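What follows is a set of notes on a single structure, which appears directly below.
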2 protein chains.
Amino acid sequence: MVNRGLRQLLMVTSWPRDMPGLGDSANRVARLIGELSGGALTVEVAAAGERAPALGVFDAVSLGRADMYHAADYYWTGKSPAYAFFTAVPFGFSAQEQMAWIDHGGGQALWNELSAQFDIVPFQAANTGVQMGGWFKREIRSLDDMRGLKMRIPGLGGDVIRALGGTSQLVPGGEIFSALQSGAIDAAEWVGPWNDFQLGFYRVAPYYYGPGFHEPGGSLACGVNRQVFESLSTEHKAIVRAACEATHHWSLGAFHWHSAEHLRILTEEHNTRLARFPDDVIRAAGAASRDILADIGRRDNLSRRIYDSWIAARRALPAWSDAAEGGYYTMRTTAG
Amino acid sequence: MVNRGLRQLLMVTSWPRDMPGLGDSANRVARLIGELSGGALTVEVAAAGERAPALGVFDAVSLGRADMYHAADYYWTGKSPAYAFFTAVPFGFSAQEQMAWIDHGGGQALWNELSAQFDIVPFQAANTGVQMGGWFKREIRSLDDMRGLKMRIPGLGGDVIRALGGTSQLVPGGEIFSALQSGAIDAAEWVGPWNDFQLGFYRVAPYYYGPGFHEPGGSLACGVNRQVFESLSTEHKAIVRAACEATHHWSLGAFHWHSAEHLRILTEEHNTRLARFPDDVIRAAGAASRDILADIGRRDNLSRRIYDSWIAARRALPAWSDAAEGGYYTMRTTAG
């Protein structure tokens, strides 16, 4: 008989309470753990700032002040630059490609090794799907229009914008609208139609560029304190992992459904103009991205091994993606 | 305290034992149920023919001779034509779109209602992703080349081929190779590069057409006998559902990884020629598909409500799919 003593864990998250898609997914992981364990293992969810700051959840879990986090692992590139590969990188993997690399192409073992340095056990625990390129106050007609552009875009996407001659700024989600409205910034990316609609960017920036090249699939993580994880029974370890996998499945459908719904609302009811980046912007961004990612691979031994594994998958997966989902969507349009 | 008595369930499947992707997924659902329940609920997996014929698993579960099945629900269109919508239909949903409709667009409630008529509770339990169009002994240059074509393609895909002037035949997986080799058939579809490679079709048919229009995402189901499901504790009900969702996540990555790997082997090591259907074939197939699906919606009241829900999602989802994954794969190719 397994020990059925009751136990409660604390999950700290980087999301505002009940944030669509992201907070929802954290809540679902927590709820599932309780349900699957028949209430023997329950999880209390803390929104950003309640028990740890949004970007402080990693340290809280690493140091044992909380049991697990739900966040985007590329927030931790200050700990190791290779963390970017486990959320999203420019011109990197779609959600299905990321699932392929992590679960079947060696990604999980490298992710485990990286996070073990910080006493954390990581799991895929949600995915936003392809993110949009952002809201622009004026049209981008060619690469020249990127020069001097002031854009809210964090992380490696920001590095690419700087390589194209723009400037990247970190503006918290709640302040993007007023920064766009005042002209303090010319453009801003956030997530996609579902989350972007809620923040009202369509009221101050008419051009919605997409898809984005910077986050072709935002893979979100649940990181569990290693000592806490190791103290769990075999059954409860399996429950934590399955709750994350089941929520990953659920979230990808949720983002697809609600993104379609809100894209329609934006274009049909709010005159949002969908636009695609010009080819010269795409090619310049592609070249800059390759250099930026290769540079990560030169930082330290583990980053090198992660980069090598990622680049092998990056060479292998697109031929199938293009022949399969990519080719299918094109063919379906042809069919009318 | 929940009742922790030991219980074993029998899962009958439509797959040969350990068949890559499909049998693997059935095995994983079964294993997870055991792990998540700490061994209180275990599942014995029977391959096709062991405890029920491949296409007899539905009746076995419906009549209570087995507890659950793992199969493709479009095998049961003889019970209700609307079952097709819960696996794949021509020019229908990709895996992500199917996940969106089932989990977030009302699909699951309709699927539950359909299967309740047969005392079955259905869950999404794996997905093949986009399937290929098939292996052809000669090139298809225009719609004219479809006339008289003898193709192994079951279900609604076969109805489309017949509407284009060809003939569709049912040939079991194990007999496709020799039927192609002997010239008894001119073409055959099976699944995709991973499963097709194993059966060796590349040795007798040089043209590999893709993507297919007939199954843009093969959603596989786990159906549980309703009395059995209702007899489970709340905890064990949640475990069955989560095991299916977690396996759906896992399988989609598996098919993506191994399809890419085998597409490379086929094209680089076996001279397989990848080809796309000509536009006139695609447009004619699209028109035929619309008629065939609309006809299902006229069969009975529940089929009508399923068709209406599906067609609403079919109108809503592609705009996002094209802007997101579709647009991204094109953009990534442009970036080089």
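The values are calculated or read from the model by the stated rules, or taken from the named source; none is laboratory data. For clarity, every value in this text was computed on a predicted model and none was experimentally measured. Because the Cβ atoms are built from the backbone with ideal geometry, glycine has one as well, and the counts that use them run over all protein chains shown. Protein only, heavy atoms only, side chains kept; ligands, DNA and RNA dropped before computing areas. Shrake-Rupley method; radii C 1.70, N 1.55, O 1.52, S 1.80 Å.
For segment A:55-75, name all the residues that are open to solvent by 10 Å² or more (accessible area, probe 1.4 Å) and under 16 Å from the mean Cα position of the chain (by Cα). Reasoning before the result, please.
To start, the set of residues in segment A:55-75 that are open to solvent by 10 Å² or more (accessible area, probe 1.4 Å) comprises A:55-56, A:59, A:62-65, A:67, A:74-75.
Answer for segment A:55-75, where residues must be open to solvent by 10 Å² or more (accessible area, probe 1.4 Å) and under 16 Å from the mean Cα position of the chain (by Cα): A:L55, A:Y74, A:Y75.
Do the conditions hold for B:A52, that is, is it touching a residue at least 24 places away in the same chain (Cβ under 8 Å), of a type in the set (G, A, S), closer than 21 Å to B:I239 by Cβ and touching a strand residue (DSSP E or B) at 6+ places or on another chain (Cβ under 8 Å)?
no
Answer with yes or no whether B:S251 is at pLDDT 95 or above and under 21 Å from B:F85 (Cα atoms). Before the answer, list the steps.
Details: at pLDDT 95 or above: yes; under 21 Å from B:F85 (Cα atoms): yes.
Yes: the conditions hold for B:S251.
When segment B:174-188 is examined, which residues are found to be more than 12 Å from B:P206 (Cα to Cα) and in a loop (DSSP other than H, G, I, E, B)?
Scanning segment B:174-188 gives B:G183, B:A184, B:I185.
Identify all residues within segment A:33-51 that are farther than 14 Å from A:Y69 by Cα and open to solvent by 10 Å² or more (accessible area, probe 1.4 Å); write none if there are none.
Once the filter is applied, which keeps residues that are farther than 14 Å from A:Y69 by Cα and open to solvent by 10 Å² or more (accessible area, probe 1.4 Å), segment A:33-51 yields A:G34, A:E35, A:G38, A:G39, A:T42.
Any residue in segment A:13-30 that is open to solvent by less than 20 Å² (accessible area, probe 1.4 Å), β-branched (V, I, T) and assigned to a helix (DSSP H, G or I)?
Checked against the condition, which is being open to solvent by less than 20 Å² (accessible area, probe 1.4 Å), β-branched (V, I, T) and assigned to a helix (DSSP H, G or I), segment A:13-30 yields at least one hit.
Working only within segment B:35-52, note down all residues that are within 11 Å of chain A (Cβ to nearest Cβ) and of a type in the set (D, E).
Here is the first cut: in segment B:35-52, the ones within 11 Å of chain A (Cβ to nearest Cβ) are B:35-40.
The answer is B:E35, and nothing else.
Among the residues of segment B:77-91, is there at least one that is crowded, with 24+ Cβ neighbours inside 10 Å, assigned to a loop (DSSP other than H, G, I, E, B), more than 10 Å from chain A (Cβ to nearest Cβ) and of a type outside the set (A, V, I, L, M)?
Yes, segment B:77-91 has at least one match.
Anything in segment A:92-110 that is facing chain B (nearest Cβ under 7 Å), open to solvent by 10 Å² or more (accessible area, probe 1.4 Å) and not in a helix (DSSP H, G or I)? List them, or say none.
A:G105
For residues that are acidic (D, E) and more than 7 Å from every other protein chain (Cβ to nearest Cβ), tally how many sit in segment A:209-238.
The qualifying residues number 2.
For a quick check of your reading: which helices (runs of 4 or more DSSP H) sit entirely within segment B:239-336 and have at least 2 residues that are within 8 Å of chain A (Cβ to nearest Cβ), among the hydrophobic types (A, V, I, L, M, F, W, C) and crowded, with 23+ Cβ neighbours inside 10 Å?
B:301-321
State yes or no: is B:A48 of a type outside the set (D, E) and in contact with a Lys or Arg (Cβ under 9 Å, 6 or more places away or on another chain)?
Yes, satisfied.
Scan segment A:207-222 and give yes if some residue there is over 24 Å from A:A84 (Cα atoms) and part of a loop (DSSP other than H, G, I, E, B), otherwise no.
Scanning segment A:207-222 turns up no residue that is over 24 Å from A:A84 (Cα atoms) and part of a loop (DSSP other than H, G, I, E, B).
Return the residues of segment B:159-187 that are farther than 20 Å from B:S289 by Cβ and open to solvent by less than 10 Å² (accessible area, probe 1.4 Å); say none if nothing qualifies. So that I can check it myself, show each step before the final result.
In the first step, residues of segment B:159-187 are kept if they are farther than 20 Å from B:S289 by Cβ; the result is B:171-186.
Result: B:I176, B:L180, B:I185.
Under the condition of being in contact (Cβ under 8 Å) with a residue 40 or more places away in the chain and assigned to a helix (DSSP H, G or I), which residue from segment A:112-128 is farthest from the other protein chains (Cβ to nearest Cβ)?
The selected residue is A:A116.
From B:R203, B:R152, B:R226, grab the single residue that is over 30 Å from A:A319 (Cβ atoms) and open to solvent by 10 Å² or more (accessible area, probe 1.4 Å).
B:R226
The rows are residues; the columns are (1) within 20 Å of the chain's Cα centre (by Cα); (2) under 20 Å from A:E215 (Cβ atoms); (3) of a type in the set (D, E).
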position	(1), (2), (3)
A:G286	yes, yes, no
A:R290	yes, yes, no
A:P318	yes, yes, no
A:A323	no, no, no
A:G326	no, yes, no
A:G336	no, no, no
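Need pairs with beta-carbon distance below 8 Å; first residue closer than 18 Å to B:A254 by Cα and in contact (Cβ under 8 Å) with a residue 40 or more places away in the chain and within segment A:236-251, second open to solvent by 20 Å² or more (accessible area, probe 1.4 Å) and outside any helix (DSSP H, G or I); sequence gap 6+ or separate chains.
A:R241/A:F123; A:C244/A:F123; A:E245/A:F123
Answer yes or no as to whether B:I140 is among the β-branched types (V, I, T) and within 21 Å of A:A323 (Cα to Cα).
In short, yes.
Output the residues belonging to segment A:265-284 that are over 13 Å from A:D145 (Cβ atoms) and of a type outside the set (D, E).
Correct list: A:I265, A:L266, A:T267, A:H270, A:N271, A:T272, A:R273, A:L274, A:R276, A:I282, A:R283.
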